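Here is the structure we will look at, set down as structure tokens.
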Amino acid sequence: MRKLVVAGIVLAFGWLAVSLFGADEAPKYKIKDVMKTCMKGGLCGKVAKGEASADEKKQLVEYFTALAANKPPKGEEESWKAKTGALLEAAKAAAEGKEGAGDKLKAAANCMECHKAHKGA
């Protein structure tokens with residue numbers, strides 16, 4: 001009986017440690033969801049052109065935040081962070097209505113450059 005109680009306590013502490021420190025949360029959206037909505041679906045272009053509502057701008061920032069939190073399917077993680085970070089910063093600037101943010105967002109949304117380095121099979 002004593003061994004069972006000790007084992008239960010060890011398991012409880014192990015679960016607590018993993019839940020607090022070990023397991024990273026998965027990003028809210030997968031890469032394919034971001035591509036479907038933001039790139040193919042036109043949300044990124046709409047924000048870049050200044051035609052998006054405040055909610056759409058907020059949604060783009062949320063999607064690009066998730067994109068940056070994903071792991072690249074292939075290629076260097078440092079390159080992934082740089083490319084997705086540029087997208088996220090440009091989206092945030094556009095959402096805030098900063099001067100020239102639309103052009104920066106268009107430049108950061110260079111599909112071929114990112115796909116060459118990171119698109120999986």
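Each label point was placed 7 Å from the Cα along the Cα-to-Cβ direction; for Lys71 and Lys116 their separation is 2.6 nm. The peptide list 68-78, 44-54, put in order of mean Cβ contacts within 10 Å with the highest first, becomes 44-54, 68-78.
Relative to the current alpha-carbon distance between Lys106 and Ala82, full extension at 0.36 nm per residue lengthens the span by 7.1 nm.
Here r is the Cβ-Cβ distance between Ala26 and Glu56 and R0 is 25 Å; the resulting FRET efficiency, rounded to 0.05, is 0.55.
So what is the relative contact order for the stretch 27-118, in percent, with contacts set as C-alpha pairs under 8 Å and at least six apart?
Reported as a whole number, the value is 32 percent.
By the compact-protein rule of thumb, 2.2 N^0.38 Å, the alpha-carbon radius of gyration of the stretch 27-118 corresponds to a ratio of 0.98.
Read-outs throughout are calculated quantities, based only on the coordinates presented, and are distinct from any laboratory measurement. Only a predicted model underlies this, so the values are computations on that prediction, with no experimental measurement involved. So basically every Cβ, Gly included, is an ideal-geometry build from the backbone, and we count neighbours across all protein chains shown.
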